[in-house]
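The structure appears right after this line, and notes come after that.
The values are calculated or read from the model by the stated rules, or taken from the named source; none is laboratory data. Just so it is clear, the structure is predicted and the values come from calculations on it, not from any experiment. As a convention, Cβ positions derive from the backbone with ideal geometry for all residues, glycine included, and neighbour counts pool all protein chains shown.
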């Protein structure tokens, strides 16, 4: 593989989705700096998906983002999963490998959802143990993403961001800060999203995610089916003031727009970063 | 050994999502937004069958078009209730769905549905298989003798189906309108393969051709495979030419 364009501070990317393969395989000039690939879509494939990903990798930096590590699961990560993820990472040479701070069920019954953890010492110990196993198997540091949640546990003894920070420090991993998820959880659980964003130490943040939620009337649902809403963009603006170097990613998984529409969201994210760091008078 | 609080919580959560809301879990959580605890758990419980149904729909697209939304969703719901996902990869979900579809009442109207599903599952597996580098026809012809063992590449799937479903499956796959098959009578044998790239091809096989390729896949020598299949000389030549052109063979051993 030839050396792909390098990772740049503050670069803006989008999630790689198969509906956009035809747009991208012609190798057009795009406004995005990098792509994020869902690990599970490629780690078990030797066919066209992997072929496309490797082609994209020739032109762009790529991050791998998983949904099935189940880093909070009491059974620990599956060894077959880690083996295949390592193989994929060795092939793709991503600038970051990430997954979610959650559990996804049990080995014998995977519910394929990002189930929230209680914010307890036992959960921190469990995640730290699993991260150590995963980082050892992968030979690289992980980043863990905060998830949207629709319930909270009575046994939790700290805030979500205190839990996230404690996990990152104890596990020696980094944070993928999903601004939309912070907003969704804040609205659902009645805390200030600004407190969350302000509390996360800049040195722990490896990447930022932006996505769209759906307002279900009684709660906010993290659907990734639309553009970020104005309050999420405002929260993003607040985040990038403190995190000028973290790469930003637009995530869109359902009702995916045509390529130009997705690209426009990345351009908007870049414009906000520039407004905060390049265009503001000193 | 007693379980820890986190183990108990996770067990209850999985049970609440895949079966029914656990009373202890309801007592242990507070709903977000204006949701009650039970409603909040319901958000996750509702998402579970929706997600797996979507996975089944992607894999068994033609079956969905044949059965229609109502019957396909009902079949998916019942299958999901009895078949938990054991893989970390959701696109692996649905092995066993062909046999399940065959066992349902709609099989009287669409007796071919199990075979159609088997074809779709085989296509998915092949889609994710690396395209092998098959031998060039000249190299194959030069190396192969009656006692040779011809190794088929990994990107090659042989199917023997009781119904003729290939025509149903390939009908305008970009279209998602309901399919109303009329012709499915008679058994059908197929080889699905990649020819050096990730494009997938299919060819119908006669009974002897399928038997010969199956014997080769089992490691029988070329001569024995052709004899067993009962192919005459012209038939053997035609099959050999196809296998060579399709780059099905990756190695010749012995002979």
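If a residue must be farther than 25 Å from residue A:127 by Cβ and surrounded by 21 or more Cβ atoms within 10 Å (Cβ to Cβ), how many such residues does the range A:58-71 contain?
The qualifying residues number 2.
Within the range B:1-14, how many residues are touching a helix residue (DSSP H, G or I) at 6+ places or on another chain (Cβ under 8 Å) and crowded, with 17+ Cβ neighbours inside 10 Å?
4
Of the numbered conditions (1) under 24 Å from residue A:215 (Cα atoms); (2) more than 9 Å from chain A (Cβ to nearest Cβ), residue B:31 satisfies every one except a single condition; which is it?
Answer for residue B:31: the failing condition is (2).
Looking at this structure, is residue A:105 part of a strand (DSSP E or B) and at the interface with chain B (Cβ under 9 Å from one of its Cβ atoms)?
So residue A:105 passes the test.
What pairs come up if the first residue lies in the range A:168-184 and is at positive phi, the second is surrounded by fewer than 24 Cβ atoms within 10 Å (Cβ to Cβ), and their beta carbons are under 9 Å apart, counting only those six or more places apart or on different chains?
Note: pairs meeting the criteria are A:172/A:128; A:172/A:132; A:172/A:135; A:172/A:141.
Quick test of your reading of the structure: residue B:33 fulfils all but one of (1) modelled with pLDDT of 95 or more; (2) touching a helix residue (DSSP H, G or I) at 6+ places or on another chain (Cβ under 9 Å); (3) under 19 Å from residue B:81 (Cβ atoms). Name the failing condition by number.
Of everything listed in (1) modelled with pLDDT of 95 or more; (2) touching a helix residue (DSSP H, G or I) at 6+ places or on another chain (Cβ under 9 Å); (3) under 19 Å from residue B:81 (Cβ atoms), residue B:33 misses just condition (3).
Which is modelled with pLDDT under 95 and under 19 Å from residue A:112 (Cα atoms), of A:18, A:29, A:45?
A:45
Taking only the range A:43-69 into account, find how many residues are within 11 Å of chain B (Cβ to nearest Cβ), in contact (Cβ under 8 Å) with a residue 40 or more places away in the chain and touching a strand residue (DSSP E or B) at 6+ places or on another chain (Cβ under 8 Å).
Residues that pass the stated criteria total 3.
Just one of (1) away from chain B (no Cβ under 12 Å); (2) under 21 Å from residue B:130 (Cα atoms) trips up residue A:80, so point out which.
(1)
Out of (1) more than 21 Å from residue A:149 (Cβ to Cβ); (2) within 14 Å of chain B (Cβ to nearest Cβ), the odd one out for residue A:234 is which?
Looking at each condition in turn, residue A:234 falls short on (2).
With the structure loaded, tell me whether residue A:164 is more than 14 Å from chain B (Cβ to nearest Cβ), closer than 26 Å to residue A:127 by Cα, touching a strand residue (DSSP E or B) at 6+ places or on another chain (Cβ under 7 Å) and not in a helix (DSSP H, G or I) or whether it fails that test.
Taking the combined requirement at face value, the residue does not satisfy it.
Among the residues of the range A:251-274, is there at least one that is in contact (Cβ under 8 Å) with a residue 40 or more places away in the chain, over 24 Å from residue A:32 (Cβ atoms) and over 18 Å from the mean Cα position of the chain (by Cα)?
Within the range A:251-274, not a single residue is in contact (Cβ under 8 Å) with a residue 40 or more places away in the chain, over 24 Å from residue A:32 (Cβ atoms) and over 18 Å from the mean Cα position of the chain (by Cα).
Can you tell me which residue is farthest from residue A:129 (Cα to Cα) among those in the range A:166-176 that are in contact with a helix residue (DSSP H, G or I) (Cβ under 7 Å, 6 or more places away or on another chain) and surrounded by fewer than 24 Cβ atoms within 10 Å (Cβ to Cβ)?
It comes out as A:174.
Of the numbered conditions (1) surrounded by fewer than 19 Cβ atoms within 10 Å (Cβ to Cβ); (2) touching a residue at least 40 places away in the same chain (Cβ under 8 Å), residue A:28 fails exactly one; give the number of that condition.
Looking at each condition in turn, residue A:28 falls short on (2).
Any residue in the range B:233-255 that's more than 19 Å from residue B:194 (Cα to Cα): show its pairings with residues that are loosely packed, with under 15 Cβ neighbours inside 10 Å at Cβ separation under 7 Å, as long as the two are six or more apart or on different chains.
B:254/B:147; B:255/B:145; B:255/B:146; B:255/B:147
If the requirement is being within 30 Å of residue B:121 (Cα to Cα) and within 32 Å of the chain's Cα centre (by Cα), which of these qualifies: B:15, B:11?
Unique residue meeting the criteria: B:15.
Check every one of the helices (runs of 4 or more DSSP H) wholly within the range A:177-260 and list those with 2 or more residues that are exposed (fewer than 15 other Cβ atoms within 10 Å of the Cβ).
By residue number, A:193-199, A:230-242.
Restricting the search to the range B:89-100, which residues are touching a residue at least 40 places away in the same chain (Cβ under 8 Å) and more than 13 Å from chain A (Cβ to nearest Cβ)?
Result: B:97, single match.
When you go through B:43, B:17 one by one, which is the residue that is out of contact with any helix residue (DSSP H, G or I) (no Cβ under 7 Å at 6 or more places or on another chain), within 7 Å of another protein chain (Cβ to nearest Cβ), in a helix (DSSP H, G or I) and crowded, with 16+ Cβ neighbours inside 10 Å?
So the residue among B:43, B:17 that is out of contact with any helix residue (DSSP H, G or I) (no Cβ under 7 Å at 6 or more places or on another chain), within 7 Å of another protein chain (Cβ to nearest Cβ), in a helix (DSSP H, G or I) and crowded, with 16+ Cβ neighbours inside 10 Å is B:43.
Whether any residue in the range A:143-150 is assigned to a strand (DSSP E or B), modelled with pLDDT of 95 or more, facing another protein chain (nearest Cβ under 7 Å) and within 19 Å of residue B:47 (Cβ to Cβ) is what I want to check.
no
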